[in-house]
Amino acid sequence: QVQLVESGGGLVQPGGSLRLSCVASGLFFDRYIMGWYRRPPGKQLELVADITSGGSTNYADSVKGRFAISRDNAKNTVHLQMNSLKPEDTAVYSCHARSVLSTFWGQGTQVTVSS
């Protein structure tokens, strides 16, 4: 059974930082592109960033220069370092794994940016 378990969400003030982590189990981790998506309140799901097994990354324009995605294939873990957070970054953030044949989602973790 595949599981993606996120951690690291919470409440932070504007300008602050958070680090999200996602631990995957039940899959061949290095065969998957790992990513983070978010759903802001009342808005559609959007890709935040993703990373290939080889380390190639892709970011949404809205987070470039502020967020950094990384992965540790030996620990089946993907991280999202979020700096200079803004109120508009408030959302449920979900970990995502995709390969040619399958896609999996984590349960999501809430990030709230507010003073």
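General remarks:
- Test item: Cα-centred dipole of the chain, Lys/Arg +1 and Asp/Glu -1 on Cβ, debye: 20
- Built amide H within the under 5 Å cut-off of residue 48, gap 5+: 36, 37, 38
- Mean-square fluctuations from a GNM of the chain, with a 10 angstrom spring cutoff on Cα atoms, peak among 103, 90, 57 at 103.
- Among residues other than residue 71 with Cβ under 12 Å from its Cβ, the summed charge is -2 (Lys and Arg +1, Asp and Glu -1).
- Our coupling estimate for the stretch 35-41, obtained by passing each phi through the Karplus curve with A = 6.51, B = -1.76, C = 1.60 and θ = phi - 60°, is x, 10, 10, 9, 10, x, x Hz, Gly and Pro reported as x.
- Simple spin-label estimate for residue 30 and residue 13 gives 4.4 nm between the two label positions (7 Å along the Cα-to-Cβ direction from each Cα).
- Table column - 3J(HN,Hα) (Hz), the stretch 78-86, Karplus curve with 6.51, -1.76, 1.60, x for Gly and Pro: 10, 10, 10, 8, 10, 10, 6, 5, 10
- Normalised by the number of residues in the stretch 3-86, the mean separation of alpha-carbon contacts (under 8 Å, six or more apart) gives a relative contact order of 34 percent.
- Relative contact order [Cα under 8 Å, 6+ residues apart], the stretch 1-47, whole percent: 32
- Net +/- balance of residues flanking residue 20 in space, Cβ distance below 13 Å, scoring K and R +1, D and E -1: +1
- Carbon + sulfur, % of accessible area of the chain - ligands and nucleic acids excluded, 1.4 Å: 48
- Using C-alpha pairs under 8 Å with a sequence gap of at least 6, the mean separation divided by the residue count of the stretch 58-112 gives a relative contact order of 25 percent.
The values are calculated or read from the model by the stated rules, or taken from the named source; none is laboratory data. From a predicted model like this one, the values you see are computed outputs, not experimental measurements. Because the Cβ atoms are built from the backbone with ideal geometry, glycine has one as well, and the counts that use them run over all protein chains shown. Just so you know, the surface numbers come from the protein's heavy atoms only, side chains and all, with ligands and any DNA or RNA stripped out. Shrake-Rupley method; radii C 1.70, N 1.55, O 1.52, S 1.80 Å.
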